[in-house]
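J.: Below is a structure I'd like to ask you about.
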Number of protein chains: 4
Amino acid sequence: MPNQEHWVLTFVCPDKPGIVHAISGAVVQAQGNITESKQFTSESNHFFMRLQIESSISKSEFETVIQEIAEAYQMEWQLDVVGRRMKTLVLASKAAHCLNDMLFRQLSGQLPIEVEAVLANHPDLKSLAEFYKTPFEHHSIESANDKHNFEKRIEELIEQKEIELIVLARYMQILSPEFCARHAGKIINIHHSFLPGFKGANPYAQAHQRGVKLIGATAHFVTEDLDEGPIIEQNVDRVTHEESKQKLVRIGQDIESRTLAQAVSWFAEHRVLVDGSRTIVFS
Amino acid sequence: MPNQEHWVLTFVCPDKPGIVHAISGAVVQAQGNITESKQFTSESNHFFMRLQIESSISKSEFETVIQEIAEAYQMEWQLDVVGRRMKTLVLASKAAHCLNDMLFRQLSGQLPIEVEAVLANHPDLKSLAEFYKTPFEHHSIESANDKHNFEKRIEELIEQKEIELIVLARYMQILSPEFCARHAGKIINIHHSFLPGFKGANPYAQAHQRGVKLIGATAHFVTEDLDEGPIIEQNVDRVTHEESKQKLVRIGQDIESRTLAQAVSWFAEHRVLVDGSRTIVFS
Amino acid sequence: MPNQEHWVLTFVCPDKPGIVHAISGAVVQAQGNITESKQFTSESNHFFMRLQIESSISKSEFETVIQEIAEAYQMEWQLDVVGRRMKTLVLASKAAHCLNDMLFRQLSGQLPIEVEAVLANHPDLKSLAEFYKTPFEHHSIESANDKHNFEKRIEELIEQKEIELIVLARYMQILSPEFCARHAGKIINIHHSFLPGFKGANPYAQAHQRGVKLIGATAHFVTEDLDEGPIIEQNVDRVTHEESKQKLVRIGQDIESRTLAQAVSWFAEHRVLVDGSRTIVFS
Amino acid sequence: MPNQEHWVLTFVCPDKPGIVHAISGAVVQAQGNITESKQFTSESNHFFMRLQIESSISKSEFETVIQEIAEAYQMEWQLDVVGRRMKTLVLASKAAHCLNDMLFRQLSGQLPIEVEAVLANHPDLKSLAEFYKTPFEHHSIESANDKHNFEKRIEELIEQKEIELIVLARYMQILSPEFCARHAGKIINIHHSFLPGFKGANPYAQAHQRGVKLIGATAHFVTEDLDEGPIIEQNVDRVTHEESKQKLVRIGQDIESRTLAQAVSWFAEHRVLVDGSRTIVFS
């Protein structure tokens, strides 16, 4: 028996009858077996699907089979190997919690990513990156020009390393709208979150001031509207009147690490599809 | 255009290539459109699927189409109308919390069931059932003979009312193994649950004694092994050293109500399939 | 031995050394025994305390003892009997879930309140109130004058029934700033809540549009700033991209009921103290 | 003004009137100010208290003042400096998740402990310990004699380093009953936990087999009854039928890390007091 490969196929197309029949026909034609399948029809009348398929035909043969159906149904699609580590660039500043968590999970096999480089505007996280044998670069950002050069350096790394995912692991700088637009759907940010939401500076102080009983974190795609992109994952933890502002920050860091890791993991497994301002998460 | 009906089809069969292609072919043949689809291949190599399909053909025509494929793939299958209220019998004793919660949710349209009767071994819940205009019967169980007659009365009601689901809403009697076997996969029970688990009498006292920090509830199918059937849903809430035994019981009641309602809701929507000692929950 | 009474004493005063010594001295003097005690010093340097005390002296004798210390330490204080049911007025509109939950919990002894009346601007909840033998009044609000009269009727009931707590159980009308100010710290509202927060109309639609993964509820005191009063309790539940707007609303209702009941229960037990824009919850 | 020291005082004694008055009198005498105070009277009629006190008198002076009251009320008591890092010994085997989490939190100031040494029966975690500049020793355990020597080495380290806390960070060996008894109330273990509980080998396989919907972890003191000591903290996460056994293990590891860190943090802050088979957690 030939070697079996394990594929993950994702696609989106306008909803109409016959899609599943067509795509499952392609799988039969490829002598494949569907091992996992999730689908969703959105209110915008788009059909989203994610399939895992075992098959022994080559990638290019499989692509030829899919391409035919894709044209008939106007599918946008992607085919990848299950478990392939996604090439990832991490942007960071000073805070270590999210980076530590990601690198540990990468090493222990929980996160199917390969962090190709950490790019930071502060030097603090150098030794952490080195412990995990991950390239680390530090470039200060003091001026608009520094910022421009920083983004230029990101672009170089993206090209050199064939980066597929950019993770903002508490990167405290604002990326330019052009950059965000160019890499839309590829940049994941982690953001503290509260009920109700607080606008403006120092949200932990505001949350403390209102005496919130829950604090949380939201992992989302970055769009040109800062902190307003499609939500991938959210979590909360309970707090009481006894927690100081500092303690709220600490609790927040824990939730941020967990929530970011979850979102990155789903993304790297092609489980996150974008539907306008929403995400479809085939978790 | 003819009237569209909204169907829910569930089936299980041995896993092999081509199932999805075949069943989606049947949907195309029935001029149907798949509006929701979930599938799962278990480690026991069985393929489980739940589909919601809009189609304008009649139920019997649709059944004929499915039957053909079902035979080819050795499917056990079921076809129903989405949103049809499932005919339900509730067994209760004295505790009101689960019954109150279910009847309120039925009335407010959150639970797609029709409680045809409440059968209790105590009279306490009569006025609650009456407020919700639900037939209520009370038969004391003082002897083995009473118990036998009680089960006989349940069987009569099941037949007369064409009962599809039996809910034990804190029914504090043990059903006979024969009864459980006869209605396997149709009886849902709610059970308090703790980490770690406690065996024997008075689990809340044991939990209090060990100083547990979480208490929970498990909704499960009833099998001949008491409290050991396939798990449908579980929830927990936090407690502290300050909660008395009585308070633990109260908190437990809240979780029981919520967890039972969730399990019943999923069952009534044909979202719970049984795979040996496990459930597949297409929630 | 004389009959023991079980007291709950709460107070707030400027923080300085000796308060606990003084108040515990008063308890010794009253031949009392402290059965529960919680305290907190806020960042605003106020000292909050809640004590449960068993003692056989009369209320007036006890008050005399406390009054002396209260003056020395500038305490605002309150003495009540543990477990006394707090006289409560519920304002409602059409939605039944919060009212049903409260009345059931009152009846089953989980909520130490006595709902003296339900006042609604719609007739829908009449039979529910009647089942629980709770006086129900309905007055339509179609004009500013109706509104004025409605608030006048509330004031009459507050006076007649000696109301101590006003619960807005999904009451969909805005109370006048004067009313809110007059009963500050006595009105509890339940509000849906999301991460991030959404401003403006139809928040469930906005939440659905952004694809939130958590929806929640906040129980808070009503102040003149609508939906901005001190937070008492918050909860969330998980949702996915599959939940429709209608389903989000349903899930939200469940959280609202639970969260409101928890807040009311703590308030009725004198466990909620206000510290400016925050609450101290001695849960 | 003399330097203020911040003290934490914990004690337990038989409950009787006057304790709080007496201890707060001692604080007044020590010119101290109570900044945090928690107390609890258990059903076994013991009174537990934890106080944080700012005072400028010396430790020995303060101890003299307390000692007098302690004798009168038969108190077992402990006085420490708030925030002092507790000298900790970690026992580990191969699994890295709990150790990584603890060392990161220690470094980032979230966990008030000083890990004096990691003692393991496998060499795998050496480089992780070294990155965090923590002494690491590895001694294989292949025989009863090895085990005896391993415990002897633990005892040596406890004495040399003045160890106050022993954390079993997924240490997969059973400690001798004598060792457990000798260090009762000083050894914290982390244990996977399920609803319902599973006895015997391979609990994740059992949990998977029953199709549990929640998996959790319990941090507890180690007693001679394996996995049965007083519970300090518990957490759960949701799982579905889709999670493989391997995935359950991963999710379990995350909860284990969080739960162990929380328990250790509370212990190091003298927030965990033992009441027979229960804990009082003044969190």
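Values in this text are rule-based calculations from the coordinates and carry no lab data. What you see is a predicted model, and the numbers here were worked out from it, not measured in a lab. Ideal geometry is used to build each Cβ from the backbone, glycine not excepted, and the neighbour counts take in all protein chains shown.
J.: In whole Å, what is the distance between the alpha-carbon centres of the stretch A:1-43 and the stretch B:209-251?
T.: Between the Cα centres of the stretch A:1-43 and the stretch B:209-251 lies a distance of 41 Å.
J.: Please list, in chain and number order, the residues 5+ apart from B:Asn235 or on another chain whose amide H is under 5 Å from its amide H, with Hs placed from the backbone.
T.: Sorted by chain and number, the residues that satisfy this are B:Ala217.
J.: Here's another thing I want to ask about it. Please list the three semi-axes, largest first and in whole Å, of the ellipsoid equivalent to the stretch C:1-124, using sqrt of 5 times the eigenvalues of its alpha carbon gyration tensor.
T.: They are 35, 19, 12 Å, listed from largest to smallest.
J.: Then there's this: Taking θ as phi - 60°, what are the ³J(HN,Hα) couplings along the stretch B:67-77 by the Karplus curve (6.51, -1.76, 1.60), each to the nearest whole Hz, with x for Gly and Pro?
T.: After applying 6.51 cos²θ - 1.76 cosθ + 1.60, I find 3, 4, 5, 4, 5, 4, 10, 6, 7, 9, 9 Hz.
J.: Is there a quick way to get the dipole size of the stretch D:146-193? I mean about its Cα centre, with the Cβ of Lys and Arg at +1 and of Asp and Glu at -1; what is the value in debye to the nearest 20?
T.: The calculation lands at about 180 debye.
J.: Let me ask something else about it. Most exposed first by the Cβ proxy, i.e. fewest other Cβ within 10 Å, how do A:Glu68, C:Glu155, C:Glu269 rank?
T.: A:Glu68, C:Glu155, C:Glu269
J.: Could you give the alpha-carbon Rg of chain C over 2.2 N^0.38 Å, rounded to two decimals?
T.: That works out to 1.10 for chain C.
J.: Compute the label-point distances linking A:His138 to its equivalents in the other copies; points lie 7 Å from Cα along Cα→Cβ; give nm, one decimal, shortest first.
T.: Result, one decimal in nm: 3.1, 7.1, 7.7.
J.: Residues with amide H under 5 Å of D:Asp15's amide H, sequence separation 5 or more or different chain, H placed in the peptide plane at 1.01 Å from N; which?
T.: D:His46, D:Phe47
J.: Over the stretch B:215-283, what is the relative contact order in percent, taking alpha-carbon pairs closer than 8 angstrom and at least six residues apart?
T.: Relative contact order comes out at 33 percent.
J.: Return the subset of C:Lys87/C:Lys126; B:Lys38/B:Lys213; A:Lys213/A:Lys245; D:Lys94/D:Lys133; A:Lys147/C:Lys213; B:Lys247/C:Lys186 for which the Cα-Cα distance in this structure is over 24 Å, preserving the input order.
T.: B:Lys38/B:Lys213; A:Lys147/C:Lys213; B:Lys247/C:Lys186
J.: How high is the relative contact order of the stretch C:34-193? Use alpha-carbon pairs under 8 Å, at least six apart in sequence, and give a whole percent.
T.: Computed over the stretch C:34-193, the figure is 20 percent.
J.: Okay, moving on. Net charge around A:Ala181, counting only other residues with Cβ within less than 15 Å of its Cβ (Lys, Arg = +1; Asp, Glu = -1)?
T.: Taking every other residue near A:Ala181 into account, the sum is -4.
J.: Also: To one decimal in nm, how far is B:Val249 from the same spot in the other copies, if labels go 7 Å from Cα toward Cβ? Please give the shortest first.
T.: Sorted ascending, the copy-to-copy spacings read 3.9, 4.3, 4.7 nm.
J.: Let me ask something additional. Other chains near C:20-27: what is the mean number of their Cβ atoms within 10 Å of each residue's Cβ?
T.: Per residue, the number of nearby Cβ atoms from other chains is 6 on average.
J.: Would you tell me the mean number of C-beta atoms belonging to other protein chains that fall within 10 Å of each C-beta in A:45-53, as a whole number?
T.: That works out to 1 on average.
J.: What residues have an amide H closer than 5 Å to that of D:His241, excluding those fewer than 5 places away on the same chain, when H is modeled at 1.01 Å from N in the peptide plane?
T.: Placed amide hydrogens put B:Val281 under 5 Å from D:His241.
J.: How big is the gap, in Å, between the Cα center of the stretch A:119-183 and the Cα center of the stretch C:59-116?
T.: For the stretch A:119-183 versus the stretch C:59-116, the Cα centre distance is 57 Å.
J.: Could you tell me which residue out of A:Ser265, A:Ser193, A:Ala219 lies farthest along the dipole of the stretch A:181-283 toward its positive end? Charges go on the beta carbon: Lys and Arg +1, Asp and Glu -1, centred on the Cα centre.
T.: Checking the options against the dipole of the stretch A:181-283, the answer is A:Ser193.
J.: Could I ask something else about it? What nm value, rounded to one decimal, do you get for the distance between A:Asp80 and B:Thr35 when each label is placed 7 Å out toward the C-beta?
T.: Calculated label separation equals 3.3 nm.
J.: Here's a follow-up. Which whole-number percentage describes the relative contact order of chain C, with Cα contacts under 8 Å and a sequence gap of 6 or more?
T.: Answer for chain C is 16 percent.
J.: How well do other chains shield peptide B:128-136, expressed as the mean number of their Cβ atoms within 10 Å of each residue Cβ?
T.: Rounded to a whole number, the mean comes out at 1.
J.: Follow-up. Which whole-Hz ³J(HN,Hα) couplings does the stretch B:94-100 yield from phi under the Karplus relation 6.51 cos²θ - 1.76 cosθ + 1.60, θ = phi - 60°, glycine and proline marked x?
T.: 10, 5, 8, 4, 5, 5, 4
J.: Charges at C-beta only: +1 for Lys and Arg, -1 for Asp and Glu. How large is the resulting dipole of the stretch C:86-281 about its Cα centre, in Debye rounded to 20?
T.: For the stretch C:86-281, the charge dipole is close to 620 debye.
J.: What are the extents of the Cα atoms of the stretch A:160-283 along their three principal axes, in Å, largest first?
T.: The Cα atoms of the stretch A:160-283 stretch 48, 31, 28 Å along their principal axes.
J.: Quick one: pull the percentage of alpha-carbon pairs in the protein assembly as shown with a separation above 59 Å.
T.: The share of Cα pairs beyond 59 Å in the protein assembly as shown comes to 14 percent.
J.: Put a point 7 Å out from Cα along the line to Cβ at D:Glu224; what are the distances to that point in the other copies, in nm, shortest first?
T.: Values, ascending and in nm: 4.2, 6.9, 7.3.
J.: How far, in whole Å, is the nearest Cβ of chain D from the axis relating it by rotation to chain A, and which residue carries it?
T.: That would be D:Phe131, 2, residue then distance in Å.
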